[in-house]
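Laboratory data are not the source of any read-out in this text; all were calculated from the coordinates shown. As the structure is a prediction and not an experimental result, all values here were calculated from the model. Here the Cβ positions follow ideal geometry from the backbone for every residue, glycine too, while neighbour counts run over all protein chains shown.
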Amino acid sequence: MMLIEETAIADAALPVDQFKAHLRLGTGFAEGDTQDEVLTGFLRAAIAAIEARTGKVLIEREFSWSLNGWRDPESEVLPVAPVVSVGALTLTDALGAESVADSATYRLERDAQRPRVRAAGSCLPRIQTGGSVKIAFTAGMAADWGGLPADLGQAVLLLAAHYYEYRDETALGAGCMPFGVTSLIQRYRTVRFGAGVMQ
């Protein structure tokens, strides 16, 4: 299984000016945009960390997910949420020949936690032995920064500011995330049940 981000968030969609205000950086200077590239990098890193922790895509973009077989022939849970649309389902046989499945044979089952591609009939299109399938889809909570829930937007700014302030620090523990960020994203994390344990 392999998830690929086909399109990246455009620089123009990132809240660089809002981040500058959050950091209380000076404005109105002739070289006021000299740090923009650095700030953009920290915003991207914060978005990526929050998306990894929650399993939610914040800003809409295109993805493709490749796998060698269905885990369930009736439906396949997609690796991120929320999924806005499924663009195509491309089957590849053992010899590398590709064919696009008829969109009438499957449908998107929307879900905030576990969206699925579900068979319209009894089963999803058959994957040949030695073959694979690639699902192209669009995922994201909002089309742009202004459409994000306020708590997630604040979490991104807090985490990006943390990265900015501690950019030279190497002693922080692996996976360190400030408490304020953790509490803001907690309700968006996927709840998993298994072996009597809830996460």
Exercise. Can you pull out the GluC sites (Glu not before Pro) in region 1-110 that DSSP calls coil and that have at most 15 other Cβ atoms within 10 Å?
Worked result: GLU6, GLU31, GLU74
Exercise. Which value in nm describes the separation of the simple spin-label points at GLN128 and ARG114, placed 7 Å from the Cα toward the beta carbon?
Worked result: 3.2 nm
Seminar exercise, completed: Hits for the chain under the membrane-span-like helix rule (DSSP H, Cα axial span at least 18 Å, Kyte-Doolittle mean at least -0.5) are 36-54, 150-165
For this session: Describe numerically, in nm with one decimal, the distance between label points set 7 Å from Cα along Cα→Cβ at MET1 and at ASP151.
Result: 2.7 nm
Problem set entry | Gain in span if fully extended, ASP17 to SER85, counting 0.36 nm per residue against the direct Cα distance | 21.4 nm
Exercise. Pulled fully out, how much extra length does the chain show between ALA10 and SER99, if you take 0.36 nm times their separation in residues and subtract their Cα-Cα distance?
Worked result: 28.9 nm
For this session: Report, largest value first, the span of the C-alpha coordinates of region 43-187 along each principal axis, in whole Å.
Result: 51, 30, 22
For this session: Scan region 101-159 for trypsin sites (Lys or Arg not before Pro) in coil per DSSP, keeping those whose Cβ has at most 15 other Cβ atoms within 10 Å, and list them by number.
Result: ARG110, ARG126
Exercise. Dipole of region 42-134, Cα-centred, from +1 at each Lys and Arg C-beta and -1 at each Asp and Glu C-beta, to the nearest 20 debye?
Worked result: 320 debye
For this session: For the chain, give the magnitude of the charge dipole about the Cα centre (Cβ charges: +1 Lys/Arg, -1 Asp/Glu; no others), in debye to the nearest 20.
Result: 860 debye
Seminar exercise, completed: The answer for LEU58, listing residues at least 5 apart or on another chain whose modeled amide H is closer than 5 Å to its amide H, is MET141
For this session: Tell me what the chain gives for mean residue ellipticity at 222 nm when only DSSP H runs of n ≥ 4 count, each as -39,500 (n - 2.57), the sum divided by the residue total, rounded to 500 deg cm²/dmol.
Result: -8000 deg cm²/dmol
Exercise. What is the ratio of the Cα radius of gyration of region 111-189 to 2.2 N^0.38 Å, where N is its residue count, to two decimals?
Worked result: 1.68
Problem set entry | Farthest positive-ward along the chain dipole, Cα basis, beta-carbon charges - from ILE127, LEU89, ALA10 | ILE127
